[in-house]
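Following: one structure in structure tokens, then a few remarks.
The values are calculated or read from the model by the stated rules, or taken from the named source; none is laboratory data. Keep in mind that what you see is a predicted model, and the values were worked out from it rather than measured. Heads up, the Cβs are rebuilt from the backbone with ideal geometry, glycines too, and the neighbour counts pull from every protein chain shown.
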Amino acid sequence: MAILPITMFGDKILRKKVNKVKIVDNEIIELITNMFDTKRNANGIGLAANQVGADRSIFIVDLSNVEEYEEFKPLVFINPKIVKYSEEQTVFEEGCLSIPDIRSDVERPEAITIEYQDAELKEQTMNADNLLARVIQHEYDHLLGILFTDLVDDEMKKRLKKPLHRIRKRKIDIAYPISKTIDYQLTL
Ligand code: ZN
């Protein structure tokens, strides 16, 4: 069990399409365990592997801290692929542990269908809507190198330029460990 540094806006690994997981060995199990510890320590509701510097197609979601989701069982998504998006769109304010202190409205499909493998590499299909669909799409984007600040309107993009630059330069004060260099990457 370990809390890993979280990669920040500007870090190269956040802009990379990550590699698929072929086998779930001890290293991958340790990574997933550490991702849950890291997410919990930072009070997040989701975390993608490249947010802890791992070049692997994995993200986790845990909504149990959110009101009305107390019974939520933590989920691990390995090699996910969103195969269906609803036509209905919703706007919701998003934030990101890799882009601290910035929040913005983002428009996304209200519901999705995702195919993925669980921690035993068993094929799974899930339909999700509402907050779960929102978090899944946010984390899935991470694995493709996309950040929520890419999806905001032009005016907001302009407003975010300076705060994003401050994050890139680490001119920020954050309560959880963060990566020290833009080249930070775990070896697995
Ligand atoms: Zn994020």
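Points to keep in mind about this one:
- For the range 83-98, a residue qualifies if it is within 16 Å of the ligand (Cβ to nearest atom) and either surrounded by 12 or more Cβ atoms within 10 Å (Cβ to Cβ) or among the aliphatic types (A, V, I, L, M) (or both), and the qualifying residues are PHE92, GLU94, GLY95, CYS96, LEU97, SER98.
- Scope the range 1-50; condition assigned to a loop (DSSP other than H, G, I, E, B), without any contact (Cβ under 8 Å) to a residue 60 or more places away in the chain and crowded, with 16+ Cβ neighbours inside 10 Å; matching residues: GLY44
- Residue list for the range 112-154, filter: in contact with a helix residue (DSSP H, G or I) (Cβ under 9 Å, 6 or more places away or on another chain), of a type in the set (A, V, I, L, M, F, W, C) and under 26 Å from VAL21 (Cα atoms): ILE112, ILE114, ALA119, MET126, ALA128, LEU143, ILE146, LEU147, PHE148
- Of all residues in the range 37-60 being polar (S, T, N, Q) and out of contact with any Phe, Trp or Tyr (no Cβ under 7 Å at 6 or more places or on another chain), the one that is farthest from the ligand (Cβ to nearest atom): SER57
- Failed item, numbered, when ILE174 is tested on (1) farther than 21 Å from ASP37 by Cα; (2) surrounded by fewer than 18 Cβ atoms within 10 Å (Cβ to Cβ): (1)
- Criterion violated by LEU63 - all others in (1) in a strand (DSSP E or B); (2) within 16 Å of the ligand (Cβ to nearest atom); (3) closer than 17 Å to ARG40 by Cβ satisfied: (1)
- Only one entry of LEU132, LEU121 meets the criterion of being modelled with pLDDT under 95, under 24 Å from ASN34 (Cβ atoms) and either more than 15 Å from the ligand (Cβ to nearest atom) or touching a Phe, Trp or Tyr at 6+ places or on another chain (Cβ under 9 Å) (or both), and that entry is LEU121.
- Taking the criterion of being under 17 Å from the mean Cα position of the chain (by Cα) and in a loop (DSSP other than H, G, I, E, B), the residues of the range 153-179 that qualify are TYR176, PRO177, SER179.
- Only one of ALA119, ALA133 that is aliphatic (A, V, I, L, M) and farther than 30 Å from ARG159 by Cβ: ALA119
- When ASP101, ASP105 are checked against the criterion of being in a loop (DSSP other than H, G, I, E, B), within 16 Å of the ligand (Cβ to nearest atom) and not small (Gly, Ala, Ser), a single residue qualifies: ASP101.
- Of all residues in the range 136-187, those that are without any contact (Cβ under 8 Å) to a residue 60 or more places away in the chain, in contact with a strand residue (DSSP E or B) (Cβ under 9 Å, 6 or more places away or on another chain) and within 30 Å of ASN79 (Cα to Cα) total 6.
- Among the residues making up the range 108-134, those that are in a loop (DSSP other than H, G, I, E, B) and among the aliphatic types (A, V, I, L, M) are ALA119, LEU121.
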